[in-house]
Amino acid sequence: MPAVTSPEQLFEHELQDMYYAEKTLTKVLPKLAEEASDRELSRAFSSHLKETEGHVSNLEKVFRSIGKTPEATPCPGIEGIKKEHDEFVRTSSPSSAMLDAFLTGAASRAEHYEIAAYTGLIEKARALGERDSVKLLQENLKQEKEAAKKVEAISKRMLKASNGSKTSNGSRSKSRTTTK
Ligand SMILES: [Fe+2]
Ligand SMILES: [Fe+2]
């Protein structure tokens with residue numbers, strides 16, 4: 001990696017990192033959509049794939065607006081989230097319900113990683129007076145926040161349903177709602 005000694009260079013480095021992360025996610029999301037048994041979750045992955053393709057193209061526009069060629073630099077952060085998923089699937093033989101529950105958590109981790117990255121990029125772009133970049137990055141950030149909310153709502157719904165099914169079997173989960 002070339003030396004990073006100015007805010008402009010750091011901004012460019014973080015853009016390259018995110019460009020790598022988004023491109024990785026365009027390859028991962030179709031697999032997650034296939035893995036998910038829950039239809040709403042699977043659809044959420046497919047629709048976020050389309051948004052993610054837009055994130056890649058917005059980042060390319062940001063590169064161009066600062067006079068740079070789009071370039072990706074490996075992002076160990078997103079690779080780590082991906083690796084965690086791959087190892088869980090490979091070693092845990094999860095039931096389909098547990099795989100779905102795991103996938104909501106993995107997706108939430110990825111979205112929050114992206115939210116943190118875009119929040120930082122936007123602050124840097126603003127400090128550098130790169131108004132067009134700020135707008136483009138804000139578009140991406142908004143969709144990441146919506147995606148995080150959506151997957152977290154799906155997770156809640158799944159947990160509620162599994163709690164409900166336990167209750168109907170007469171198991172111990174019932175006490176939680178009745179002791180208040
Ligand atoms: Fe994204
Ligand atoms: Fe995302």
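The values are calculated or read from the model by the stated rules, or taken from the named source; none is laboratory data. On a predicted model such as this, the values are computed, not experimentally measured, just so you know. Counting neighbours? That spans all protein chains shown, and the Cβs are built from the backbone with ideal geometry, glycine included. Only protein heavy atoms, including side chains, enter the accessible area calculation; ligands, DNA and RNA are left aside. Shrake-Rupley method; radii C 1.70, N 1.55, O 1.52, S 1.80 Å.
Scanning region 43-67 for residues that are outside any helix (DSSP H, G or I) and surrounded by 15 or more Cβ atoms within 10 Å (Cβ to Cβ) returns a single hit, 66. One residue stands out among those in region 4-52 that are out of contact with any Leu (no Cβ under 6 Å at 6 or more places or on another chain) and small (Gly, Ala, Ser): the one that is farthest from ligand 2 (Cβ to nearest atom), which is 6. In region 105-123, the residue that is farthest from residue 81 (Cα to Cα) out of those that are of a type in the set (A, V, I, L, M), within 11 Å of the chain's Cα centre (by Cα) and more than 10 Å from ligand 1 (Cβ to nearest atom) is 116.
Name the residue, out of 137, 128, 141, that is within 16 Å of ligand 1 (Cβ to nearest atom), over 30 Å from residue 38 (Cα atoms), open to solvent by less than 70 Å² (accessible area, probe 1.4 Å) and modelled with pLDDT of 95 or more. If you could, list the steps in order and put the result at the bottom.
Working: 128 fails: within 16 Å of ligand 1 (Cβ to nearest atom); 141 fails: over 30 Å from residue 38 (Cα atoms).
The unique qualifying residue is 137.
Within region 4-29, residues that are over 13 Å from residue 71 (Cβ atoms) and in contact (Cβ under 8 Å) with a residue 40 or more places away in the chain reach partners that are open to solvent by 50 Å² or more (accessible area, probe 1.4 Å) and hydrophobic (A, V, I, L, M, F, W, C) with beta carbons closer than 6 Å, at six or more positions or on different chains, in the pairs 10/4.
Report whether or not residue 32 is open to solvent by less than 30 Å² (accessible area, probe 1.4 Å) and not basic (Lys, Arg). Taking the combined requirement at face value, the residue satisfies it.
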